[in-house]
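> Before I ask anything, here is the structure I am working with.
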Amino acid sequence: MRAHVDLNVCQGHGVCHMSAPDVFELDPEDGHSIVVVDPVPPHLEAAAQLGADSCPERAITVERTVRVD
Ligand code: SF4
């Protein structure tokens with residue numbers, strides 16, 4: 001899974017970070033969300049989805065990646 005934050009939409013509420021601190025951090029400069037795991041490891045996929053679902057601006061998209069192993 002990969003997670004992406006649209007910085008043109010993100011308003012820096014920080015809800016994603018509160019929901020999934022291991023996936024999303026907040027840029028200390030501008031408060032925008034940063035994805036800190038790329039790709040998102042399997043054990044954090046549920047957290048990433050939760051963070052995306054919790055964003056009031058719908059700024060986060062998550063994309064399931066196909067595993068080839
Ligand atoms: S919850 Fe959404 S708007 Fe708020 S910091 Fe996270 S991505 Fe940005």
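> Order these by the 10 Å Cβ neighbour count, fewest first: Ile60, Ile34.
Lowest count first: Ile34, Ile60.
> Starting with the highest mean, order 35-42, 48-55 by the number of other Cβ atoms within 10 Å, averaged over the residues of each peptide.
Output ranking for 35-42, 48-55: 48-55, 35-42.
> Which trypsin sites (Lys or Arg not before Pro) does the chain hold that lie in a coil by DSSP with at most 15 other beta carbons within 10 Å? It would help to have the intermediate numbers written out before the result.
Working: sites: Arg2, Arg58, Arg64, Arg67; in loops: Arg58, Arg64, Arg67.
Loop-located and lightly packed - Arg58, Arg64, Arg67.
> A follow-up question, please. If you average the sequence gap of Cα pairs under 8 Å that are 6 or more apart and divide by the length of the chain, what percent do you get for the contact order?
Computed value for the chain: 43 percent relative contact order.
> Turning to a different aspect of this structure: For Ser33, Ser19, which order do you get if you count the other beta carbons within 10 Å of each Cβ and list the fewest first?
With the sparsest Cβ surroundings first, the list reads Ser19, Ser33.
> Based on the Cα atoms of the chain, what semi-axes does the equivalent ellipsoid have, where each is the square root of 5 times one gyration tensor eigenvalue, given in whole Å with the largest first?
Equivalent-ellipsoid dimensions as semi-axes: 20, 11, 11 Å.
Throughout, read-outs are computed from the coordinates displayed, never taken from laboratory work. Values in this document were obtained by computation on a predicted structure and should not be read as measured data. Counting neighbours? That spans all protein chains shown, and the Cβs are built from the backbone with ideal geometry, glycine included.
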